[in-house]
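Participant: My structure is below; once you've seen it, I'll send some questions.
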Amino acid sequence: MKLSTKGRHAVTAMMELALYQKKGPVTLADISVKQSISISYLEQLFAKLRQHNLVTGMRGPGGGYCLARDAGEITIANILNAVDDMVRRQGSTTIGGEVTGSLMMWQRLSDRVYEYLDAITLAEAVQAQADESQPELFGSSMAQSAA
């Protein structure tokens, strides 16, 4: 699992959609201004998000983008997978037929990161931002997993 700048921007943009979804479609221009991300970059991200059925576009006056599903049904991993064209891979833990400890460790770490991000919904991320309780929400799962 790779966390890229592209993924970070996509998650941030999707959080904007989730925050304002009750007010109607959100334009890329609005997201661009609020998040300091270029419109052309957002267009590339939203093309991929649309292909993965995470957003829908509305044309014309009052148009923009909306979430294709409820924010509680979209995970952070869904968003990252869409823009980075990633599939959770089951990597090989062998080199020349021998199992290597370091490769197994990195595969397990990658699996844990994916599982963690797949357990956080867009709705939870938005709520955590609104409550300013991100360390509590995101830290609690990690602390329990480490125990």
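Participant: If you stretched the chain out fully between T27 and E43, how much longer would it get, using 0.36 nm times the residue separation minus the C-alpha to C-alpha distance?
Facilitator: Roughly 4.7 nm would be gained on extension.
Participant: Next question. With θ taken as phi - 60° and the coefficients 6.51, -1.76 and 1.60, list the Karplus ³J(HN,Hα) couplings across the stretch 111-125 in order, rounded to whole Hz; mark glycine and proline as x.
Facilitator: 4, 5, 4, 4, 4, 4, 5, 6, 8, 9, 8, 4, 4, 5, 5
Participant: I've got another one for you. Within 15 Å, Cβ to Cβ, of I74, how many net charges do the neighbouring residues add up to if Lys/Arg are +1 and Asp/Glu are -1?
Facilitator: Net local charge, I74 excluded: -2.
Participant: While we're here: Grab the other residues whose beta carbon is less than 11 angstrom from that of G57, score K and R as +1, D and E as -1, and report the net.
Facilitator: Computed value for this residue: +1.
Participant: Still on this structure, I have one more. ³J(HN,Hα) across the stretch 50-65 via Karplus (A = 6.51, B = -1.76, C = 1.60, θ = phi - 60°), whole Hz, x for Gly/Pro?
Facilitator: Karplus-based 3J(HN,Hα) across the stretch 50-65 equals 5, 4, 8, 6, 9, 9, 10, x, 10, 8, x, x, x, x, x, 10 Hz.
Each reported figure results from applying straightforward, stated rules to the coordinates on display, with no laboratory input. Worth saying up front: this structure is predicted, and the values here are computed from it rather than measured. Here the Cβ is made from the backbone with ideal geometry for all residues, glycine too, and neighbour counts use every protein chain on show.
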